[in-house]
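This report concerns only the one structure given below.
The values are calculated or read from the model by the stated rules, or taken from the named source; none is laboratory data. Keep in mind that what you see is a predicted model, and the values were worked out from it rather than measured. Positions of Cβ are backbone-derived with ideal geometry, glycine not excepted, and every protein chain shown enters the neighbour counts. SASA here: full protein model, heavy atoms, side chains in, ligands and nucleic acids out. Shrake-Rupley method; radii C 1.70, N 1.55, O 1.52, S 1.80 Å.
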Amino acid sequence: MLIDMYMKCCSLSKAHQTFCQLPVWDVVAWTTMIAGYAEHGLGQLAIKFYDLMQSNGIRPNSVTFVCILKACGSIGAIQHIRKIQTEVEAEGLLQGELVGNTLIDMYATCGRPYLARQIFDKLPKRDVVSWNSLIKGYTESEQFAEVLKCFEQMKTEGLCPSSRTFVSALKACAAIGHLDKGEEICNEVERQGQLTKNPFIGCALIAMYMKCGALAKAQKVFDKVADRDVVMWTALIKGYVDQGHDNKALEIFEHMKVDNVPPNEVTFILIVKACANVRGLDRGSEIHAEIERQGLFQKDLVIGNSLVDMYGKCGDLAIAQEVFDRLSDRDIVSWNALIGGFIEHGFTRDALMCYEHMKLEGVSPDAFTFVYCLKACGTMQDVDKGAEVHLEIECEGLLTANIIGNALVDMYAKCGLLSKAEKVFDKLLVRDVISWTALITGYTELGDGENALQCFDKMHEHGIIPNAVTLLCCLKACTSIGSFDKGAKIHSEIERQGLLQTDLAVGNALIDMYAKCGSLDLAQQVFDRLTVCDAVSWNTLIAGYTEHGDVEDALLCFERMQSKGVYPNIVTFLCILKACSSIGAAQRGTRIHAEIERRGLLSNDLIGNTVVNMYAKCGSVNKAMQVFNKLPIRDVVSWTALMAGFTEIGQSEEVFYIFDRMLGEGIKPNPVTFVVVLTACTRKGLFMKCHSFFEAMSASYGVPPNLEHHSCVIDLLSRRGEVEMAVSMVMKMPFAPSSMLWHTVLGACRNTGSVQFGKQAFNNATQFHYNCSIPHMYPSNIYALQNEYSIDETRNFQIKTVYSN
DNA sequence: ATAGGGTTAG
């Protein structure tokens, strides 16, 4: 009795002392010691005492067996349990339920359901406890189908499941998503009136319905319970958070407070997570204040970590860092939460600095850390740092982790090192759809659509099913190389998977693919079949019609888009302005311009420049000038657009004047500016001016002349009949001449009757085109060649504005 | 016996 008291009071040494002073050591004394040690998790000591007892010739009784089995179970000493099992059987004690059940329970605890089953089958009589212990074994080793089998079988044996049984069965239903069975058990529970009696069953029911996605049913169970404790409220909140209904979780949290149930640590962790998921910084800060008021911040590291995560996800990295610094204790999760926050909001440098800092503090990075770091290296295209991290991963032996391997492939692919990416890819233990997609994306981003699609074929050969991300990326590859056939094949896979209705990005990419491959009909058909569409869908269609010269349909789309209530964005206006300028539709352009002013979008530099360009293209230089003067910022594109307008209407002097003004404002000309200026010279036959601009562009402005610039000068020489100079310039320039350029020169030779230079030019032209394998360039004389093509005298110079959706 | 933090391809 005294030993037992000391043991229970945690005075192990006093208990031991008392035991030593006993006059005789009977089985009860030994068993009390063993029970005490087992109780305090000192399994090894319990085993030692058990052995001592036996060497002292004392035979264990049922209670001794139960105690020593519990001790062995708590430390996973499976061999000891097996030894004790033979002793139990030798003593014939398996007949009594107590020892048998304990044996089953301990095998279950040690994750040996088959050993538990062996004992179970040997029992002469099985009660609910035996079944529960057996079920526990199956639950521990995740054999959920067995759990449900046991649940049914025990009932056919006439036994009534206890709350423990119900909880295990419900857990099994949740794990395998067996909603029907779960519902059946729910009805059984309610029939027995257990729901109101036992809060554990209620929690298990809520968790089961939530995991099966039956949110309303989970809520119904919750509503039926009269007095709900914190845990049940928390179980409901967890369900909503896990299912992605974070706002609903936050709502429940409010109800809970109205109901006067104070949240505990777990509730706070879940609620902070909900705030992080919805990026609700304000709400998150309020919860944070509440956590601080209750003094839970210092008490619980998990809460601290969840706050760092929340601030990081919400983009308030300063506060995230502050909270992180205030943590009294930090673990790898704290560091990862901060690093993850930095990465998500583009602070890649800070993320990598944090990573170095962490290592200096002696914290070892784990898989999560490495994945974050690789993402940072990929984003920055810093392959040196990436290779460094790669090496560390190899040193840690983490290369076998699939996610890390995929992140490595992605990093090398993002850095444009596809051979390196392929090398890592080949070494992966498992190549899943993500590994393949990372590689395909790498090739696509590099503009190498052929290799991307080849990769896609290989993936198919390996039996990997593409998903929405893969197919989206492959569509982009098809678009970039204009591969209609392949694109159509991918389209059929998209239909097979029903992605057109569920993934708008895929739908939009499909529209773009068909539009860029020239099939506006199919693009429109896909568009019409979308369940929802956004501004990107409309923009893609508008750009498609514009590219194919169908400006009427482009403008019609613009009208329809607005009547359907889709708000046009910057890209919409850029597309529609481009449509207007392509056909010189000044009136329509003016209406669009008014719309843009009304929305205050002229201040956007892309829009402003494109409006100037639109008026310039339509020949309305006054309007172009008016808008130009209104622009808040005038960059080289704005100035060039204005100059192009004056070039268009032949006012070259004005072009040169604007060029000087632009230089005066400290703006540097770009290659397009020189095309415009040189064209202005060509139009007026100003050879000296043209020559001096051409010489100055690389010497004074650092803009090396490209094919277009050469063409301007050669064009001018040809017009002036300077065929010798024109021909020699064509042959000297470091670019392959376009056929258009040859025609200009040959036309000049014909007009001036310069047979000698004409022949020279022709020989070069045919040789060049022969090299390019264009068979129809084999006419017998220069006149025949001349007649095959008409020379477009009015060359259209365009301001190239790069924009995308 | 019910409840707890962070990852990969667009």
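When residue A:356 is tested against the conditions (1) open to solvent by 60 Å² or more (accessible area, probe 1.4 Å); (2) in contact (Cβ under 8 Å) with a residue 12 or more places away in the chain; (3) not basic (Lys, Arg), the lone failure is (2). Looking only at the stretch A:216-228, decide whether some residue is away from DNA strand B (no atom under 11 Å from the Cβ), among the charged types (D, E, K, R) and part of a loop (DSSP other than H, G, I, E, B). The answer is yes, given that some residue of the stretch A:216-228 is away from DNA strand B (no atom under 11 Å from the Cβ), among the charged types (D, E, K, R) and part of a loop (DSSP other than H, G, I, E, B).
The set of residues in the stretch A:561-600 that are outside any helix (DSSP H, G or I) and surrounded by fewer than 19 Cβ atoms within 10 Å (Cβ to Cβ) comprises A:564, A:565, A:566, A:567, A:569, A:584, A:599, A:600. Between A:494, A:542, the distinction of being assigned to a helix (DSSP H, G or I), within 14 Å of DNA strand B (Cβ to nearest atom), out of contact with any Lys or Arg (no Cβ under 7 Å at 6 or more places or on another chain) and β-branched (Val, Ile, Thr) belongs to A:494 only. Scanning the stretch A:290-302 for residues that are within 7 Å of DNA strand B (Cβ to nearest atom) and either in a helix (DSSP H, G or I) or at pLDDT 95 or above (or both) gives A:301, A:302. Going by what's in this entry, would residue A:239 be described as at pLDDT below 90 and not aliphatic (A, V, I, L, M)? Considered against the rule, which asks whether it is at pLDDT below 90 and not aliphatic (A, V, I, L, M), residue A:239 comes out as no. The criterion of at least 1 residues that are in contact with a helix residue (DSSP H, G or I) (Cβ under 6 Å, 6 or more places away or on another chain) and under 22 Å from residue A:588 (Cα atoms) is met, among helices (runs of 4 or more DSSP H) falling completely within the stretch A:611-665, by A:621-630, A:636-648. Looking at A:344, A:396, just one residue is open to solvent by 70 Å² or more (accessible area, probe 1.4 Å) and at pLDDT below 90, and that residue is A:396. The number of residues in the stretch A:399-439 that are of a type in the set (S, T, N, Q) and at pLDDT below 90 comes to 2.
Residues are listed down the side, and each one gets a yes or a no for (1) more than 13 Å from DNA strand B (Cβ to nearest atom); (2) surrounded by fewer than 17 Cβ atoms within 10 Å (Cβ to Cβ); (3) free of Cβ contacts under 8 Å to residues at least 40 places away in the same chain; (4) under 17 Å from the mean Cα position of the chain (by Cα):
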{"site": "A:310", "(1), (2), (3), (4)": "no, no, yes, no"}
{"site": "A:329", "(1), (2), (3), (4)": "no, yes, yes, no"}
{"site": "A:340", "(1), (2), (3), (4)": "no, no, yes, yes"}
{"site": "A:348", "(1), (2), (3), (4)": "no, no, yes, yes"}
{"site": "A:360", "(1), (2), (3), (4)": "yes, yes, yes, no"}
{"site": "A:377", "(1), (2), (3), (4)": "no, no, yes, yes"}
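In the set A:677, A:672, only one residue is touching a Ser or Thr at 6+ places or on another chain (Cβ under 9 Å), modelled with pLDDT of 90 or more, among the aliphatic types (A, V, I, L, M) and open to solvent by 10 Å² or more (accessible area, probe 1.4 Å); that residue is A:672.
From the list A:213, A:158, the lone residue that is surrounded by fewer than 17 Cβ atoms within 10 Å (Cβ to Cβ) and at pLDDT below 90 is A:213.
Residues are listed down the side, and each one gets a yes or a no for (1) closer than 22 Å to residue A:409 by Cβ; (2) within 14 Å of DNA strand B (Cβ to nearest atom); (3) at pLDDT below 95:
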| position | (1), (2), (3) |
| --- | --- |
| A:446 | yes, yes, yes |
| A:460 | yes, no, yes |
| A:482 | no, no, yes |
| A:502 | no, yes, yes |
| A:511 | no, yes, no |
| A:526 | no, no, no |
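Taking (1) open to solvent by less than 40 Å² (accessible area, probe 1.4 Å); (2) under 25 Å from residue A:298 (Cα atoms) in turn, residue A:231 satisfies each apart from (1). So, in the stretch A:312-327, of the ones that are part of a helix (DSSP H, G or I) and within 10 Å of DNA strand B (Cβ to nearest atom), which residue ends up surrounded by the most Cβ atoms within 10 Å (Cβ to Cβ)? So the residue we want is A:312. Of all residues in the stretch A:257-280, those that are open to solvent by 70 Å² or more (accessible area, probe 1.4 Å) have Cβ atoms under 8 Å from Cβ atoms of residues that are away from DNA strand B (no atom under 12 Å from the Cβ), 6 or more apart or on another chain, in A:279/A:314; A:279/A:315. Counting only helices (runs of 4 or more DSSP H) wholly contained in the stretch A:163-204, the ones carrying 1 or more residues that are under 20 Å from residue A:144 (Cα atoms) and within 11 Å of DNA strand B (Cβ to nearest atom) occupy A:163-176. Quick one: would you say residue A:522 is in contact with a Phe, Trp or Tyr (Cβ under 7 Å, 6 or more places away or on another chain) and open to solvent by 10 Å² or more (accessible area, probe 1.4 Å)? In short, yes.
What about residue A:90, is it part of a helix (DSSP H, G or I) and open to solvent by 10 Å² or more (accessible area, probe 1.4 Å)? Taking the combined requirement at face value, the residue satisfies it. Looking across the stretch A:719-757, the residues that are under 20 Å from residue A:683 (Cβ atoms) and of a type in the set (S, T, N, Q) come down to A:738, A:744, A:751.
Look at (1) over 38 Å from the mean Cα position of the chain (by Cα); (2) open to solvent by 70 Å² or more (accessible area, probe 1.4 Å) and you find that residue A:176 fails only one, number (1).
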